[in-house]
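The values are calculated or read from the model by the stated rules, or taken from the named source; none is laboratory data. None of the values given here were measured: they were computed from a predicted structure. Virtual Cβ from ideal backbone geometry, glycine too; neighbours counted across all protein chains shown.
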Amino acid sequence: MTIQSALSRRDALKLFAATTSTLAITSPAIASAFRSLVDNKQTLLKWYQIKPNHYAFVDLNTGGNVLLHLREDRCTLIDTKYPHFAGAILDDAHTILAADHPPLTLINTHHHGDHTAGNGAIIPHAKASYAHKNAIPRIQSQLDRFKQTAQNAVDQAKQYSDSEELESIAHQISSKASSWTNQTITPTTAVDKAVTTIPSTEITLHHFGAGHTDNDLVVHFENDNVIHTGDLVFAGLHPFFDPSAGVTAKGWVNSLQRTLALCDSKTTVIPGHGQPGTKAIIQSQLDYMSQLIEQVQKQIDAGTTKEAVAEMHWDFMDGLGFERIKSRAISAVYDELSQ
């Protein structure tokens, strides 16, 4: 949905609030709690309140899903999208709380740029920041790309919204991008355990081994029964396979099974991409991966070429978004199973 330039920021918020019923919410169980935007708050970005204190920035056109967990005494941010959003994320946290920013903790679910390119505008303001140890060198290897993206922040902000405030914040980030260093973009704490509890919070980080990448973290807000899966879950979409990131379909299945074990019927799940839902969206991704492995293996056993298999379609793929990356997923699984 696009906000027309003639709308004021307040009018735009009212429009989104009025159109909540048109959104494709994955689970009816949380539909009543999934409001289009924060009530009576003039936020720069399109935040959805999914539970008390939990706000998700969900937009398929602008990279991975961000989650804000706001309390009077602390703020936790899961992923940073792109630089032109990063400053607005901080500004909106201030707006929603109607108070000075509390201490900020940043968690990167994995290294891909649509989840980390905004780090350079966030980490200098963070009291603590976390990523898996395998993510650290991968994030640092993208420094030049992140700086270039940040230098184009104003143009990117204009494509998202006609907000002069968003443009102004993007300009501030752009002007500082040339000074970014590895220290600026890299989380300060490298997670090297299967289970890590962040001090003074109810947040637990889980690494179940390689799956979508070799550095996936599942973020579990245990007291609130909320989970951010990172890109282990693409809700209603074909998943993205990146062979250079250590992707493994079999490991992905293991990670999904273990993430599912953290859930009950009331768990709210934020996927890396797609609409939030319940544990059903984890199960759907697990079913997809399991069937993809099964079907590709059948074709390998039958002697079908990789090129031919990559063009195939099975019923479990019907109706999914990101169609353009479907063949990439099939090809990656073919390569893995052929080894």
Pick from segment 90-124 the residues that are at pLDDT 95 or above and β-branched (V, I, T): which of them is farthest from N152 (Cα to Cα)?
T105
Among the residues that make up segment 300-315, is at least one of them assigned to a loop (DSSP other than H, G, I, E, B), over 30 Å from N223 (Cα atoms) and aromatic (F, W, Y)?
yes
May I ask you to list pairs of residues, at least six apart or on different chains, whose Cβ atoms are under 6 Å apart, with the first in segment 115-133 being hydroxyl-bearing (S, T, Y) and the second being assigned to a helix (DSSP H, G or I)?
T116/I139; S129/I123
Inside segment 57-75, can you point out the residues that are among the β-branched types (V, I, T) and either farther than 19 Å from I270 by Cα or surrounded by fewer than 24 Cβ atoms within 10 Å (Cβ to Cβ) (or both)?
V58, T62
Hits in segment 205-244 - residues which are part of a strand (DSSP E or B) and among the hydrophobic types (A, V, I, L, M, F, W, C):
L205, V218, V219, F221, V226, I227, F234, L237
Filtered residues of segment 39-68 (kept if in a loop (DSSP other than H, G, I, E, B) and among the polar types (S, T, N, Q)):
N40, Q42, T43, N53, N65
Only one residue in V218, V226, V154 is under 18 Å from the mean Cα position of the chain (by Cα), touching a residue at least 60 places away in the same chain (Cβ under 8 Å) and closer than 26 Å to L44 by Cα. Which one?
V226
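Listed here are the residues, each with its yes/no results for (1) modelled with pLDDT under 95; (2) in a loop (DSSP other than H, G, I, E, B); (3) among the polar types (S, T, N, Q); (4) buried (at least 17 other Cβ atoms within 10 Å of the Cβ).
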position: T259; (1), (2), (3), (4): no, no, yes, yes
position: D264; (1), (2), (3), (4): no, yes, no, no
position: Q275; (1), (2), (3), (4): yes, yes, yes, yes
position: I293; (1), (2), (3), (4): no, no, no, yes
position: K298; (1), (2), (3), (4): no, no, no, no
position: G319; (1), (2), (3), (4): no, yes, no, no
position: Y334; (1), (2), (3), (4): no, no, no, yes
Counting just the residues of segment 320-339 that are farther than 9 Å from V296 by Cβ and hydrophobic (A, V, I, L, M, F, W, C), which one comes out farthest from the chain's Cα centre (by Cα)?
A332
Cβ-Cβ under 8 Å, sequence separation 6+ or interchain: first residue in segment 242-257 and without any contact (Cβ under 8 Å) to a residue 40 or more places away in the chain, partner among the aliphatic types (A, V, I, L, M) and assigned to a helix (DSSP H, G or I). Which pairs?
Q257/L286
Restricting attention to segment 229-245, which residues are more than 13 Å from the chain's Cα centre (by Cα) and either among the basic types (K, R) or closer than 9 Å to H273 by Cα (or both)?
G236, L237
Are any residues in segment 51-69 out of contact with any strand residue (DSSP E or B) (no Cβ under 6 Å at 6 or more places or on another chain) and among the polar types (S, T, N, Q), and if so, which ones?
N61, T62
